[in-house]
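Reading through the structure tokens given below for one structure.
The values are calculated or read from the model by the stated rules, or taken from the named source; none is laboratory data. From a predicted model like this one, the values you see are computed outputs, not experimental measurements. Ideal geometry is used to build each Cβ from the backbone, glycine not excepted, and the neighbour counts take in all protein chains shown.
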Amino acid sequence: MTLFRLFLLACLLVIAGYTSVTIAQHGWNLLPVFFGDMAAMTWPGQFNLDFFCFLLLSGLWTAWRGGFKPAALALGVLAVFGGMLFLSAYLLILLTATRGDIRRVLLGVRA
């Protein structure tokens, strides 16, 4: 579990740093670029579509594990727009709150 936590922390720090540099150099103009690549039917667009499906799955799982209550739905939306920045922090918080009980982390209210 320690290696998994270190992996999540590394992801959080690297993506936060990379995102900060990208925003500083290119602004907050992600959505037109992201969906524009998809509309162009190119390999970057294919990657973005695949990644977007992962984001939707992450959001759906986040909302599901919270029983689709209003707070869980809000977290699900945050998961879709926050990507790995959200998910790495969320999983680190869950691992701490559940003392590493992966069943409770994954199943949430259904554990």
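State whether the residues of the stretch 50-67 include one that is among the polar types (S, T, N, Q), surrounded by fewer than 16 Cβ atoms within 10 Å (Cβ to Cβ) and within 22 Å of CYS11 (Cβ to Cβ). It would help to see each step written out before you state the result.
Filtering the stretch 50-67 down to residues among the polar types (S, T, N, Q) leaves 58, 62.
Remaining after also requiring surrounded by fewer than 16 Cβ atoms within 10 Å (Cβ to Cβ): none.
Looking for residues that are among the polar types (S, T, N, Q), surrounded by fewer than 16 Cβ atoms within 10 Å (Cβ to Cβ) and within 22 Å of CYS11 (Cβ to Cβ), one finds none in the stretch 50-67, hence no.
Between residues in the stretch 73-95 that are within 13 Å of THR19 (Cα to Cα) and residues that are of a type in the set (Phe, Trp, Tyr) and modelled with pLDDT of 95 or more, which pairs lie under 6 Å by C-beta distance while being six or more apart or on different chains?
Matching pairs, first to second residue: none at all.
Report, ordered by the first and then the second residue, all pairs with beta carbons closer than 7 Å, sequence separation of six or more or different chains, a first member in the stretch 1-21 that is within 19 Å of ARG103 (Cα to Cα), and a second member that is modelled with pLDDT under 95.
Matching pairs, first to second residue: MET1/GLY100.
Can you find even one residue in the stretch 59-71 that is over 14 Å from the mean Cα position of the chain (by Cα), on the phi < 0 side of the Ramachandran plot and of a type in the set (D, E, K, R)?
Checked against the condition, which is being over 14 Å from the mean Cα position of the chain (by Cα), on the phi < 0 side of the Ramachandran plot and of a type in the set (D, E, K, R), the stretch 59-71 yields at least one hit.
A quick yes/no check of all residues on (1) over 25 Å from GLY108 (Cβ atoms); (2) loosely packed, with under 14 Cβ neighbours inside 10 Å; (3) modelled with pLDDT under 95:
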| site | (1), (2), (3) |
| --- | --- |
| ARG5 | no, no, no |
| ALA10 | no, yes, no |
| LEU13 | yes, yes, no |
| TYR18 | yes, yes, no |
| GLY83 | no, no, no |
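Can you tell me which of (1) closer than 24 Å to LEU92 by Cβ; (2) at pLDDT 95 or above; (3) out of contact with any Lys or Arg (no Cβ under 8 Å at 6 or more places or on another chain) is the one MET1 doesn't meet?
(2)
Among the residues of the stretch 20-41, write down those that are at pLDDT 95 or above and not in a helix (DSSP H, G or I).
Matches in the stretch 20-41: ALA40, MET41.
Kindly list the number of the only condition in (1) surrounded by fewer than 13 Cβ atoms within 10 Å (Cβ to Cβ); (2) part of a helix (DSSP H, G or I); (3) not aliphatic (A, V, I, L, M) that fails for GLY76.
With (1) surrounded by fewer than 13 Cβ atoms within 10 Å (Cβ to Cβ); (2) part of a helix (DSSP H, G or I); (3) not aliphatic (A, V, I, L, M) applied to GLY76, the lone miss is (1).
Consider TRP28 carefully, then state whether it is surrounded by fewer than 12 Cβ atoms within 10 Å (Cβ to Cβ) and not basic (Lys, Arg).
In short, yes.
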